[in-house]
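**Student:** Got a structure for you, questions after.
The values are calculated or read from the model by the stated rules, or taken from the named source; none is laboratory data. Given the structure is predicted, the values throughout are model-derived calculations rather than measurements. FYI the Cβ positions are ideal-geometry reconstructions off the backbone, even for glycines, and counts take in every protein chain you see. Surface accessibility is based on the protein's heavy atoms, side chains included, excluding ligands, DNA and RNA. Shrake-Rupley method; radii C 1.70, N 1.55, O 1.52, S 1.80 Å.
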Amino acid sequence: MSKHKVSPLGEFEQVVLLAILRLDDKAYGVTIRKEILECTGRRTGPGGLYNSLDRLEEKGMVVSRFGDPTPQRGGRPKRLFTVTPDGLEAVSRSQRAYQRLMKDITIPGVLHA
Amino acid sequence: MRKADAAASVLSLVTSHDRADSMVGDLLEGDGAGNRWLFWWAVARTALSQFWRQVAAAPFGMTRTAILGMFVEFSFMLLAAVASAVMLLCAESVLHVSFHRDLSDGPFRWLPFLLYSLGVPFALGRWMFRRCPGREAVGTLTLGVLHASINLCAGWIMWQAARAGNEAHVDITVFVRIVDWNGDIVHMLAWVAYYLTLYQAIVLAGALSGRAKSLEARGL
């Protein structure tokens with residue numbers, strides 16, 4: 001984990017980072033949107049997702065690389081995303097903060113740590 | 001795959017060429033698979049979203065680019081003036097000697113106007129591509145808004161002066177009128193409309209042409 005200060009994450013940024021972590025090395029625009037829809041029921045517009053991904057890349061929380069072009073995509077490459085150690089630290093910090101907030105309160109239907 | 005190429009061109013005005021390409025691939029695979037309308041709807045939403053992000057991310061940087069763009073545009077206008085002078089002189093000589101006609105009779109009198117209203121914004125678009133690739137749309141809109149604001153302010157001052165019974169008129173002419181501010185409110189609104197519509201289209205066409213040339217040179 002890096003020692004320098006990591007900027008806080010917005011709620012949607014956390015969702016995007018967690019989706020990328022779940023997808024491992026298969027995370028690109030289409031699969032990230034699918035994963036978010038399946039896990040949260042949230043329908044994400046392509047523009048909003050690309051904005052978040054660009055912002056996360058500028059913050060150094062994800063890195064992207066271009067994959068090979070495929071015929072299914074009209075010969076256009078995938079932009080594949082990977083979470084960096086800074087991104088991992090930011091998401092774990094946010095999750096710890098949620099857990100602290102959840103401690104000692106009971107919300108029906110929510111599993112407590 | 002003409003629609004995909006067109007979509008990549010549109011998106012490349014608001015992001016880098018590589019990213020635009022991968023976005024189009026995503027849209028072909030996801031939202032727009034098999035449905036033309038859904039595809040273009042997704043392209044429009046993505047372009048607007050990227051556009052707005054760039055505006056919000058660097059409003060001052062874009063204003064600086066737009067101001068610089070105005071100076072560049074002015075120097076292109078001076079170049080166009082010189083080119084017009086040379087071409088008109090040649091045309092005048094040929095018409096007068098060969099056909100015994102005046103320049104004002106022929107289509108050549110439109111040459112400076114065409115150079116200023118089409119050639120200069122187009123060349124400015126090429127400059128915009130070199131200056132801020134992937135952000136041409138925001139740069140062009142900022143420049144258009146700057147032009148429109150200047151025309152609106154100057155026109156309003158002239159209009160107020162005319163209403164108060166004063167004579168107020170600014171006219172800069174180099175073959176054709178570059179600046180013409182008077183008390184005519186309709187005239188002013190026509191210029192504002194031009195800068196926010198047709199001018200945008202010509203500058204963006206120039207930017208796309210610059211990008212196409214650059215990609216061709218890179219063999220892409």
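**Student:** What single numbered condition from (1) out of contact with any Lys or Arg (no Cβ under 6 Å at 6 or more places or on another chain); (2) within 29 Å of B:D18 (Cα to Cα); (3) open to solvent by 20 Å² or more (accessible area, probe 1.4 Å) fails to hold for B:A168?
**Tutor:** Of the numbered conditions (1) out of contact with any Lys or Arg (no Cβ under 6 Å at 6 or more places or on another chain); (2) within 29 Å of B:D18 (Cα to Cα); (3) open to solvent by 20 Å² or more (accessible area, probe 1.4 Å), the odd one out for B:A168 is (2).
**Student:** Also: Filter region B:132-161 down to the residues that are in contact with a Gly (Cβ under 7 Å, 6 or more places away or on another chain) and open to solvent by 40 Å² or more (accessible area, probe 1.4 Å) and list them by number.
**Tutor:** Across region B:132-161, the qualifying residue is only B:W159.
**Student:** Could you list all residues from region B:31-45 that are in a helix (DSSP H, G or I) and at the interface with another protein chain (Cβ under 7 Å from one of its Cβ atoms)?
**Tutor:** Initial filter on region B:31-45 (in a helix (DSSP H, G or I)): B:36-45.
Matches in region B:31-45: B:A42, B:R45.
**Student:** Does any residue of region B:86-103 turn out to be closer than 20 Å to A:T44 by Cβ, of a type in the set (F, W, Y), open to solvent by 30 Å² or more (accessible area, probe 1.4 Å) and in a helix (DSSP H, G or I)? Give the derivation first.
**Tutor:** Start the filter on region B:86-103 by keeping residues that are closer than 20 Å to A:T44 by Cβ, which leaves none.
Checked against the condition, which is being closer than 20 Å to A:T44 by Cβ, of a type in the set (F, W, Y), open to solvent by 30 Å² or more (accessible area, probe 1.4 Å) and in a helix (DSSP H, G or I), region B:86-103 yields no hits at all.
**Student:** Here is a further query. Give me the residue from region A:37-49 that is in a loop (DSSP other than H, G, I, E, B) and closer than 15 Å to A:L17 by Cβ and, out of that set, farthest from the other protein chains (Cβ to nearest Cβ). Give the derivation first.
**Tutor:** Quick first cut of region A:37-49, residues in a loop (DSSP other than H, G, I, E, B) only: A:41-45.
Pick out the ones that are also closer than 15 Å to A:L17 by Cβ and you get A:42, A:44.
Values: A:R42: 15, A:T44: 11 Å.
Once the filter is applied, the top-ranked residue is A:R42.
**Student:** Does region B:62-77 include one or more residues that are open to solvent by 60 Å² or more (accessible area, probe 1.4 Å), at the interface with chain A (Cβ under 10 Å from one of its Cβ atoms) and either modelled with pLDDT of 85 or more or farther than 25 Å from B:G144 by Cα (or both)?
**Tutor:** So the first thing to find is which residues in region B:62-77 are open to solvent by 60 Å² or more (accessible area, probe 1.4 Å), and the list is B:64, B:67-68, B:71, B:74.
Now narrow it down to the ones that are at the interface with chain A (Cβ under 10 Å from one of its Cβ atoms): none.
There is no residue in region B:62-77 that is open to solvent by 60 Å² or more (accessible area, probe 1.4 Å), at the interface with chain A (Cβ under 10 Å from one of its Cβ atoms) and either modelled with pLDDT of 85 or more or farther than 25 Å from B:G144 by Cα (or both).
**Student:** In region A:69-92, which residue that is more than 14 Å from chain B (Cβ to nearest Cβ) and free of Cβ contacts under 8 Å to residues at least 60 places away in the same chain is most open to solvent (accessible area, probe 1.4 Å)?
**Tutor:** The extreme case among them is A:S92.
**Student:** Residue check, B:L48 against (1) under 20 Å from the mean Cα position of the chain (by Cα); (2) in a helix (DSSP H, G or I); (3) in contact (Cβ under 8 Å) with a residue 24 or more places away in the chain, all met but one. Which one?
**Tutor:** (3)
**Student:** Against the definition (out of contact with any strand residue (DSSP E or B) (no Cβ under 7 Å at 6 or more places or on another chain) and at positive phi), how does B:G125 come out, yes or no?
**Tutor:** no
**Student:** Now, a different point. Condition check: surrounded by 12 or more Cβ atoms within 10 Å (Cβ to Cβ), at pLDDT below 90 and under 24 Å from B:T65 (Cβ atoms). Does B:S117 satisfy that?
**Tutor:** Answer is yes for this residue.
**Student:** Collect the residues in region A:50-68 that are crowded, with 22+ Cβ neighbours inside 10 Å, assigned to a helix (DSSP H, G or I) and more than 9 Å from chain B (Cβ to nearest Cβ), keeping them in residue-number order.
**Tutor:** At the first step, the residues of region A:50-68 found to be crowded, with 22+ Cβ neighbours inside 10 Å are A:50, A:53, A:56, A:61-62.
Restricting the remaining residues to those that are assigned to a helix (DSSP H, G or I) gives A:50, A:53, A:56.
Selection gives A:L53, A:L56.
**Student:** Follow-up question, since we're still on this one. Any residue in region B:140-150 that is at pLDDT 85 or above and either aromatic (F, W, Y) or farther than 20 Å from B:M77 by Cβ (or both)?
**Tutor:** So in region B:140-150, the residues at pLDDT 85 or above come out as B:140-150.
When the remaining residues are screened for being either aromatic (F, W, Y) or farther than 20 Å from B:M77 by Cβ (or both), the result is B:141.
Yes, some residue in region B:140-150 is at pLDDT 85 or above and either aromatic (F, W, Y) or farther than 20 Å from B:M77 by Cβ (or both).
**Student:** A:F12 - would you say it is among the aromatic types (F, W, Y), open to solvent by 20 Å² or more (accessible area, probe 1.4 Å) and more than 9 Å from chain B (Cβ to nearest Cβ)? Step through it out loud before you land on a result.
**Tutor:** Values: among the aromatic types (F, W, Y): yes; open to solvent by 20 Å² or more (accessible area, probe 1.4 Å): yes; more than 9 Å from chain B (Cβ to nearest Cβ): yes.
Judged against the criteria, A:F12 is a match.
**Student:** Right, another one. Condition first: crowded, with 21+ Cβ neighbours inside 10 Å and within 7 Å of chain A (Cβ to nearest Cβ). Now tell me which residues in region B:20-30 satisfy that. Spell out the reasoning first.
**Tutor:** First, the residues of region B:20-30 that are crowded, with 21+ Cβ neighbours inside 10 Å: B:20-28.
Selection gives B:D21, B:S22, B:M23, B:V24, B:G25, B:D26, B:L27, B:L28.
**Student:** Additional query: Checking A:I36 against (1) modelled with pLDDT of 95 or more; (2) over 25 Å from B:W40 (Cβ atoms), which test does it fail?
**Tutor:** (2)
**Student:** Here is a further query. So if I check each of B:L13, B:L38, B:L48, which one is modelled with pLDDT of 90 or more and open to solvent by 40 Å² or more (accessible area, probe 1.4 Å)?
**Tutor:** Working: B:L13 fails: open to solvent by 40 Å² or more (accessible area, probe 1.4 Å); B:L38 fails: modelled with pLDDT of 90 or more.
Checking each option against the conditions leaves just B:L48.
**Student:** Then there's this: Condition check: within 14 Å of chain A (Cβ to nearest Cβ), at pLDDT below 90 and assigned to a helix (DSSP H, G or I). Does B:A56 satisfy that? Walk me through it before giving the result.
**Tutor:** On the way: within 14 Å of chain A (Cβ to nearest Cβ): yes; at pLDDT below 90: yes; assigned to a helix (DSSP H, G or I): yes.
Answer is yes for this residue.
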